[in-house]
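What follows is a short report on a single structure.
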Amino acid sequence: MQSIYAMHQTGSDQLEKEEKFLMYSIENMLDLYLLMLSAVIEIRQKEQEYQEKARTKHLATAEEKNPNPKFINNAVFNSLAQNQSLLQAIEYRKINNWKLNDDYILLLLDHIKQSDLYTAYMKNRVNKFEEDRDFAVNLFTDLIASNEKLYDYLEDFKLTWADDIPVVNTQIIKQLKAIKSENDATFQVPKLYKDDDDRAYAIDLFRKTVLNENDFVKFYEDKTPNWDTERIAEIDTIILKMAICEFLKFPSIPVKVTINEYLEIAKEYSTPKSSIFINGILDNLVKEFQTGGKLNKTGRGLM
C-alpha cells in the first residue's frame, strides 16, 4: 500500500524500480524491529552501569551504595538481554545505532526515571514476574514507542520507517505481553515472510494492483454516489484497489480474510470513517462479483 502511494506521489511509472524499493522497505522493517528492542536492552544496561559507577565513587551516598536493583532485575528486560534469537539477529544485522548514539538511550532513561510509571514501580525492591511484564509493556508503549525525539531520529535515519513504526511497535507489544516467564524460550524474532510463497505474494499483489489500477477503479466508481471520486482519500482508493485485486486475482485467499485485513489497514492508516466507507463498498462488490461469476475462489470456506 505504501509503495503504491509513493508511486502516485512521485508520478513514477518504473514498476521494476518501485518493486525493488518495496522489497528494500520490507527488509528494513526487521532492522527497525531489532533497533527498538535493542533500545530496551541498552536502557537496562546503561542503568546498570550507572549504578555500578555510583556505588564505587568517592563519597557515595547510602542510596548510591545500596541502590534499588528492581529496574535492572526486571524479568522481561533480562529475558530480552539473554534471548539468543534476538541477540544473534542484532549482531547479524549489525544493529549498533545505540552504541554510536547512546545520547538517545540516556535521554530515554532519564525520561523513564522521571515518569510516574517508574516511581510507582520502584516503590519496593521485590521483582514479581507479572508486575515486571506489565511495567515493561507500559514502559515500551508509553515512554519509548511514543517518544517524539526517538521518532524523529528513526525518521531521519531511514525515511521508510515513518510508516513502519506503528506496525513494528504493535508487534513488539504483542510479543512482550506474551512472555510467560524470565526463561520463556518462545520469544523469537519473527520472520519477514512465512516462506517463499509469502514473499512472492507481496510482489504479485503490488504488481497486479499497479498494472490493473484503471480497471479496478471502474468497479467502485459508481458505488460512491454521495462521494466525489476525486475527493476520496487516496489511501482509501489504494485500499479498495488492493482488496479488489485479491478478490479477482488471488483465488486462494478467502473473501472474509481480504475484507477484514483491509478494514484493519483502513483503521490504522486512513481517516476515522474510512473503514465504514470501505466496508460498504467491498460488501456491495462481493455481491456483484458473486452474481456475475467473477469470484473464482478455490478450496473450502474461501467465500
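The values are calculated or read from the model by the stated rules, or taken from the named source; none is laboratory data. Note that the coordinates shown come from a computational prediction; the quantities given were computed from them, not determined experimentally. We place every Cβ from the backbone using ideal geometry, glycine too, and count neighbours over all the protein chains shown. The accessibility values were calculated without ligands, DNA or RNA, using every heavy atom of the protein model including side chains. Shrake-Rupley method; radii C 1.70, N 1.55, O 1.52, S 1.80 Å.
Values computed for the structure shown
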{"read-out": "Among (1) crowded, with 20+ Cβ neighbours inside 10 Å; (2) in contact with a Ser or Thr (Cβ under 8 Å, 6 or more places away or on another chain); (3) not aromatic (Phe, Trp, Tyr) - the single one Glu18 does not satisfy", "value": "(1)"}
{"read-out": "Given (1) surrounded by 14 or more Cβ atoms within 10 Å (Cβ to Cβ); (2) touching a Ser or Thr at 6+ places or on another chain (Cβ under 7 Å), index of the condition Gln188 fails", "value": "(1)"}
{"read-out": "Condition broken by Gly280, with the remaining ones in (1) at pLDDT 85 or above; (2) surrounded by fewer than 12 Cβ atoms within 10 Å (Cβ to Cβ); (3) of a type in the set (Gly, Ala, Ser) satisfied", "value": "(2)"}
{"read-out": "Near pairs, Cβ below 7 angstrom, 6+ apart or cross-chain, from segment 256-274 (under 25 Å from Phe289 (Cα atoms)) to any residue that is of a type in the set (Gly, Ala, Ser) and open to solvent by 30 Å² or more (accessible area, probe 1.4 Å)", "value": "Ser274/Ala233"}
{"read-out": "Subset of segment 230-273 (residues that are among the acidic types (Asp, Glu), crowded, with 19+ Cβ neighbours inside 10 Å and at pLDDT 90 or above)", "value": "Glu246"}
{"read-out": "Tally, over segment 49-62, of residues that are of a type in the set (Ser, Thr, Tyr) and open to solvent by 100 Å² or more (accessible area, probe 1.4 Å)", "value": "2"}
{"read-out": "Subset of segment 63-87 [open to solvent by 20 Å² or more (accessible area, probe 1.4 Å) and touching a residue at least 40 places away in the same chain (Cβ under 8 Å)]", "value": "Asn68, Pro69, Asn73, Ala81, Ser85"}
{"read-out": "Yes/no for Ile112 being touching a Ser or Thr at 6+ places or on another chain (Cβ under 7 Å), at negative phi and crowded, with 16+ Cβ neighbours inside 10 Å", "value": "no"}
{"read-out": "Residue check for Lys46: open to solvent by less than 70 Å² (accessible area, probe 1.4 Å) and either without any contact (Cβ under 8 Å) to a residue 24 or more places away in the chain or part of a helix (DSSP H, G or I) (or both)", "value": "yes"}
{"read-out": "All positions within segment 288-303 that are surrounded by fewer than 11 Cβ atoms within 10 Å (Cβ to Cβ) and in a helix (DSSP H, G or I)", "value": "Thr291"}
{"read-out": "Pair list, Cβ under 7 Å, 6 or more apart: segment 141-165 residue under 17 Å from Ile43 (Cβ atoms), other residue assigned to a loop (DSSP other than H, G, I, E, B)", "value": "Leu143/Ser115"}
{"read-out": "Residue within segment 90-108 that is of a type in the set (Lys, Arg), in a helix (DSSP H, G or I), within 26 Å of Val167 (Cα to Cα) and more than 22 Å from the chain's Cα centre (by Cα) present", "value": "yes"}
{"read-out": "Any chance Leu143 is over 15 Å from the mean Cα position of the chain (by Cα), crowded, with 17+ Cβ neighbours inside 10 Å and within 15 Å of Asn74 (Cβ to Cβ)", "value": "yes"}
{"read-out": "For Trp227: the one exception among (1) at pLDDT below 85; (2) in contact with a Phe, Trp or Tyr (Cβ under 8 Å, 6 or more places away or on another chain); (3) open to solvent by less than 80 Å² (accessible area, probe 1.4 Å)", "value": "(3)"}
{"read-out": "The lone exception for Ala162 - which of (1) in a helix (DSSP H, G or I); (2) more than 18 Å from Asp31 (Cβ to Cβ) it fails", "value": "(2)"}
{"read-out": "Leading residue by the ranking (surrounded by the most Cβ atoms within 10 Å (Cβ to Cβ)) among those in segment 166-184 that are without any contact (Cβ under 8 Å) to a residue 60 or more places away in the chain and of a type in the set (A, V, I, L, M)", "value": "Ile173"}
